[in-house]
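The structure appears right after this line, and notes come after that.
Nothing in this text is a laboratory measurement; each read-out follows from the coordinates by a stated rule. Small disclaimer: the values here were computed from a predicted structure and weren't measured. Methodologically, a virtual Cβ is constructed for each residue, glycine included, from the backbone with ideal geometry; neighbour enumeration extends over all protein chains shown.
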Amino acid sequence: MKRSMITVLAVLMAASLGFAVQTFAAEKKIFLTLASGSPGGAYYPLGGGMSVIVQKTVEGFRCAAESTGASVENSRLVGNGDSDMGMVMGSVGYNASQGKAPFEKKYDVVALFQMYPAPQHLVTTAQSGIKSIADLKGKKVSIDVPGSGCSTMAKIILEEAGFNLEKDLTIANLSQTESVQALKDGVVDAVFFNFAYPGSAVMDLAATRDIVLVPVDQKLADKIVKKHPYYVKIVIPGKTYSKVDQDVLCLGDSNVMIANKNMKDDVAYKVVKAIYSNVKEGKYALINVHPVAAQLTPQNAVNSPLPLHPGAAKYFKEVGAFK
């Protein structure tokens, strides 16, 4: 009888110990979410690739990427603590940190790293006859979904070009995928996209239509950059897209991976180190996910319109990114 009781107690103790170990292990796991963007641009595949890197190479970390409306939505998600990390246009992240439009309050967001600058593509078809921004008057133009960084920048470009958005043209708020189909079908005359080149949405259009990339006039570009210093002038090289042989001047924005400033330093450090250790090499190399990953260098990473998270700054100091 006593031996049976001892056996039962031993089994219970072992079970309790096993449960305690499992509970401890579960408590040690860190679950992260990464807000990316919609299919068609660079955010979506890169976000997925980065989440895989974190999950597969950082012990005890779990990470899932989620498709979103991109910059404005991601700033709110991260600022409110609903996502741990988010991809945003630098200007949008900056405005979120300052409580400037389109944000109603200041959000405690900081940069983990700047990813790359991205030009604002203005795409139309040869049959539209549109060759300049001035030619958009009276046309139907998609500027991306409400709340996206692309739509914010498109409005600035159009307004600085002298358009009254309610009277001079018809604005459509279509997603990247919807914009591609709408332009193919002639439902809209031109579309704005913001992503690194080459963008899959534009390549899709160029595969079945003769596309035109509409340039930004130099004077207009200078005017906007002076007023909005977080924007930059970027040239999309000729032959980046089929039948677009000439260089095209665009306005661009930086693209930043943000986090809430309350993210623990060691978490930020491990995430950033994992991603930058797998940009060009390794089983999960980002360069194999999207060619723009070649621009993810430590030197580019520290050039952000938002201050760097201390944990991220620690890594970039270690690799000599600061001059």
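With both residues required to sit in the chain, DSSP beta bridges show an antiparallel share near 65%.
Under 5 Å between amide hydrogens, built in the peptide plane, is the criterion, and for VAL244 it picks out LYS239 among residues at least 5 positions away or on other chains. For segment 189-219, list residues with backbone N below 20 Å from a point placed 7 Å from the Cα of ALA126 toward its Cβ? From segment 189-219, the list is 189-191, 202-215.
Within the shell of other residues whose beta carbon sits under 13 angstrom from the beta carbon of ARG76, the net charge comes to -2, with Lys and Arg scored +1 and Asp and Glu -1.
Dipole orientation for the chain: of the candidates THR124, ALA101, PHE322, PHE322 has the Cα lying most toward the positive pole (charges on Cβ; Lys, Arg +1; Asp, Glu -1). Here r is the Cβ-Cβ distance between VAL319 and ASP265 and R0 is 22 Å; the resulting FRET efficiency, rounded to 0.05, is 0.85. Compared with the alpha-carbon gap, the fully stretched path from LYS28 to ASP210 is longer by 60.1 nm at 0.36 nm per residue.
Between the amide H of ASN255 and those of GLY90, MET115, TYR116, ALA118, distances stay under 5 Å, these residues lying 5 or more places away or on another chain, with hydrogens modeled in the peptide plane.
Of ILE143, ILE130, how do they rank once you tally other Cβ atoms within 10 Å and put the fewest first?
ILE130, ILE143
Highest mean first, the peptides 237-250, 109-122, 48-61 sorted by other C-beta atoms within 10 Å per residue fall in the order 109-122, 48-61, 237-250.
Couplings 3J(HN,Hα) of segment 133-144, computed from phi: 5, 4, 6, 6, 4, x, 9, 9, 10, 8, 10, 5 Hz, in residue order, whole Hz [Karplus 6.51 cos²θ - 1.76 cosθ + 1.60, θ = phi - 60°; x for Gly and Pro].
Taking the Cα centre of the chain as origin and assigning +1 to Lys and Arg Cβ atoms and -1 to Asp and Glu Cβ atoms, the resulting dipole is close to 900 debye. Packing-based ranking of 175-184, 251-260, 64-73, 215-224 yields 251-260, 64-73, 175-184, 215-224, ordered from highest to lowest mean Cβ neighbour count within 10 Å.
Would you mind ranking CYS63, CYS150 by Cβ crowding within 10 Å, fewest neighbours first?
Sorted ascending by nearby Cβ count, the order is CYS63, CYS150.
When only alpha carbons of segment 118-254 are considered, Rg and Dmax amount to 13.5, 38 Å.
Applied to segment 314-321, the Karplus parametrisation 6.51 cos²θ - 1.76 cosθ + 1.60 on θ = phi - 60° returns per-residue 3J(HN,Hα) values of 4, 5, 5, 5, 4, 9, x, 6 Hz, with x for Gly and Pro. On a 0 to 90° scale, report how tilted helix 43-57 is relative to the longest principal axis of the chain, with both axes built from alpha carbons and the result rounded to the nearest 10. The angle comes out at about 20 degrees. Helical content of the chain, expressed as a calculated mean residue ellipticity at 222 nm, amounts to -12000 deg cm²/dmol (DSSP H runs of 4 or more residues, -39,500 (n - 2.57) each, divided by residue number, nearest 500). Amide hydrogen proximity for VAL188: with H placed 1.01 Å from N in the peptide plane, the residues at 5 or more positions away or on another chain lying under 5 Å are LEU183. Mind pulling the angle between the C-alpha long axis of helix 2-28 and the longest principal axis of the chain? Nearest 10 degrees, somewhere in 0 to 90. It works out to around 20 degrees. With a simple spin-label model that places each label point 7 Å from the Cα along the Cα-to-Cβ direction, the separation between GLN218 and ASP245 comes to 2.2 nm.
Using only Cα atoms, tell me the angle between helix 218-227 and the longest principal axis of the chain; keep it within 0 to 90° and round to the nearest 10. It is inclined by approximately 50 degrees. Across the options LEU249, SER151, THR208, the greatest Cα extent toward the positive end of the charge dipole of segment 118-254 (unit charges at beta carbon of Lys, Arg, Asp, Glu) belongs to LEU249.
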